[in-house]
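Everything below concerns the one structure shown next.
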Amino acid sequence: MNKIISRAIILLLISFSAYAQQNIEVAPVGIYKEIAVTEQSKMIEKLTDSLSWKSAVLTVSQNPNKYSPPVLYVLSAMLFKNKKYDESMYWFYLAQLRGRYDANRCADATARQAVTILNNDFGPEINQYAFKHIDQLKATIEKVVTFVQNNEELYDNRWINLHGIDAMSKSLNGNSKNRELSLPQKDWPKIKKQTVDNYYSDFKKYVK
């Protein structure tokens, strides 16, 4: 648990996992420094604290649009740990779908692997449970898809850019020249629709 929680915090902050393994600390520069992740990382810490996790779960579950996918992944892990399996399943797949959307609108293709890493870290136990309870899984995915279709993301979608090669190289070189971190905002509705449609279609094919 501690390992995967640490990974989520790394993805939200500045360590860039490839260099963290070499004990190289990297601070973001330029526009990367403006990415709003402080409150997200604080919530992860609250979710994993034995004294505050219950109130943190309530806070996130009542305000899910305010929290980025890494927070929702951690929420799912904490619920699963405490045997709230069906709730855990919902938050995991919501994190997964919103993570895909953030990845698809991210201008740095190398940053998109963050979602795969999070899925690999948080997914095995939850997926195993889910596919042993297929009817509940189907209902959960439908609920997740409906929620994403009808809700606006209020967190900083650029959290994912902190995991990309561009952020890493600029921070290591001290290059503060800014660039567009996301694809044009006018394209986001189309990207979101395609992401949700593909996600739901892939799920139905996988179940069959």
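Assorted remarks:
- Where labels lie 7 Å past Cα in the beta-carbon direction, separation of Ser52 and Asp197 in nm: 4.2 nm
- Excluding same-chain neighbours fewer than eight residues apart, the lysines reachable from Lys84 by a Cα-Cα span under 25 Å are Lys3, Lys42, Lys46, Lys54, Lys66, Lys132, Lys138, Lys143, Lys204.
- Sequence-distant aspartates and glutamates (8 or more away, or on other chains) whose Cα lies within less than 19 Å of Lys208: Asp135, Glu142, Asp197
- Stretching Lys33 away from Lys186 to a fully extended chain increases their span by 52.7 nm, per 0.36 nm per residue minus the current alpha-carbon distance.
Bear in mind that the values in this text are calculations on the coordinates, not laboratory data. Values in this document were obtained by computation on a predicted structure and should not be read as measured data. Note: ideal-geometry Cβ built from the backbone for every residue, glycine included; neighbour counts use all protein chains shown.
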